[in-house]
Structure formats: C-alpha cells, structure tokens
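Undergrad: Okay, here's the structure, questions in a sec.
What follows draws every value from the coordinates through simple rules; no lab data is involved. The structure presented is a predicted model; accordingly, all values stated were derived computationally and were not measured. Cβ atoms come from the backbone with ideal geometry, glycine included; neighbour counts cover every protein chain shown.
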Amino acid sequence: MEVILLVDVKGIGKKGETKKVSDGYASNYLIPRKLAVRKTEGSVQVLNKQNEDERIRQEKLKNTALEIKAKLETITLEFKAKPQADGSLSKNVSFKEVENKLKTEFNIIVDKRKIIDKFLINAFGYTKLRIELYKGVIGIINVHVSEE
C-alpha cells in the first residue's frame, strides 16, 4: 500500500514523502496513529497544496529576514558602561541586552540564540555581531560601548 507520511517516521521516511509499505503496517500502525494517510488523488492534491503553502510561507520569512538585514546595517546600538581602574569594562554587555535594545528602540525582534559570534562584548569600542535571521541570511549588528 502506498501512503503519504504526515510526520517524519524513523526507518520509513520524512514528512510529505510517498512510501510503499505493507498493508498491515499501514492500516494497523501508521494510519490509526495519524502518521500517514493512504495515497489517493485527493490526498496527493492536498499534499501539493500544503507544499505550495509552505513554499510561500518560507519565501515570506526569507523576504522579512532580508528586510531586517537591511535595517540592521544602518543601526548602531549604543551602550554606556563604567570603566574599571585598569580601563576595561566593569561588566560585559550581554546578548539579552542587545536583544532588548533592538526590540524596544527599533522594534526589531531577533532571537539571542541565533547570534553566531559567541564571544563576550567586554571592551570599549565597536563590535560587530553576526546573527542568522534565516537559513543563509546573516545580518550584522553594530554595537558601540562607550564610557559613562
């Protein structure tokens, strides 16, 4: 029996793939657990519609990421910090602070976990942080730390 997988099934295939499995496995395991549906003309049309909707959604996400990337290139985040006796920062600027400042001042929402550069911002001056906004779309956040 040919089935269309609704989710990834270990040892069988990935979501959206059409696979030939035994009748018993399909009717006793895959279909009752909503892991797959029987391949018919209607189910193939539904699958094609879902694939097209997903493609459109991914395209919109990529376009949004490209717009955010363009905005980030024009922005420099300003942070003030107290110097220590030796002239270094008294505390590091965290990724959470960068995320919050982008959100409050510029209304740009980014996930701090998507920052590629995992080094600490622990010196005065300019720092560039790379962030993955979408698969293959990397934006650069300019951070400037000055003395208070």
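Undergrad: Looking at the chain, send over the antiparallel percent of its DSSP beta bridges, to the nearest 5.
TA: Counting DSSP beta bridges with both partners in the chain, the antiparallel share is about 75 percent.
Undergrad: About the Cα centre of the chain, how large is the charge dipole given +1 on each Lys and Arg Cβ and -1 on each Asp and Glu Cβ? Please answer in debye to the nearest 20.
TA: Values: 29 positive and 21 negative charges, 106 e Å.
Once rounded to the nearest 20, the dipole reads 520 debye.
Undergrad: With runs of 4+ DSSP H residues as the only contributors, calculate the mean residue ellipticity of the chain at 222 nm using -39,500 (n - 2.57) per run, divided by the residue total and rounded to the nearest 500. It would help to have the intermediate numbers written out before the result.
TA: Values: 2 runs with 46 residues, N = 148.
About -11000 deg cm²/dmol.
Undergrad: Could I get the Rg over Rh figure for region 1-70? Both from C-alpha atoms, Rh via Kirkwood, rounded to two places. Don't jump to the answer; show the numbers that get you there.
TA: Details: Rg = 15.8 Å, Rh = 13.5 Å.
Checking Rg against Rh, the ratio lands at 1.17.
Undergrad: Need one number for region 30-113: average projected area of the convex hull over its C-alpha atoms, nm².
TA: 9.9 nm²
Undergrad: Right, another one. For the chain, take the convex hull of the Cα atoms, compute a quarter of its surface area, and give me that in nm², please.
TA: That works out to 12.3 nm², a quarter of the Cα hull's surface.
Undergrad: Here is a follow-up. Structure shown: which of Lys15/Lys62; Lys80/Lys101; Lys60/Lys118; Lys112/Lys135 lie over 18 Å apart, alpha-carbon to alpha-carbon?
TA: Details: Lys15/Lys62 22 Å; Lys80/Lys101 13 Å; Lys60/Lys118 28 Å; Lys112/Lys135 16 Å.
In this structure, Lys15/Lys62; Lys60/Lys118 lie more than 18 Å apart at Cα.
Undergrad: A further question on this structure: Is the C-alpha gyration tensor of region 33-81 telling us rounded, prolate or oblate? Criteria: a/c under 1.5 is rounded; beyond that, a/b larger than b/c is prolate, otherwise oblate.
TA: Oblate is the answer for region 33-81, as a/c is 1.5 or above yet b/c matches or exceeds a/b.
Undergrad: Output the 0 to 90 degree angle, nearest 10, between the alpha-carbon long axis of helix 41-74 and the longest principal axis computed from the alpha carbons of the chain.
TA: With both axes taken from Cα atoms, the answer is about 10 degrees.
Undergrad: Once both axes come from the Cα atoms, what is the angle between helix 95-106 and the longest principal axis of the chain, in degrees from 0 to 90, rounded to 10?
TA: 90 degrees
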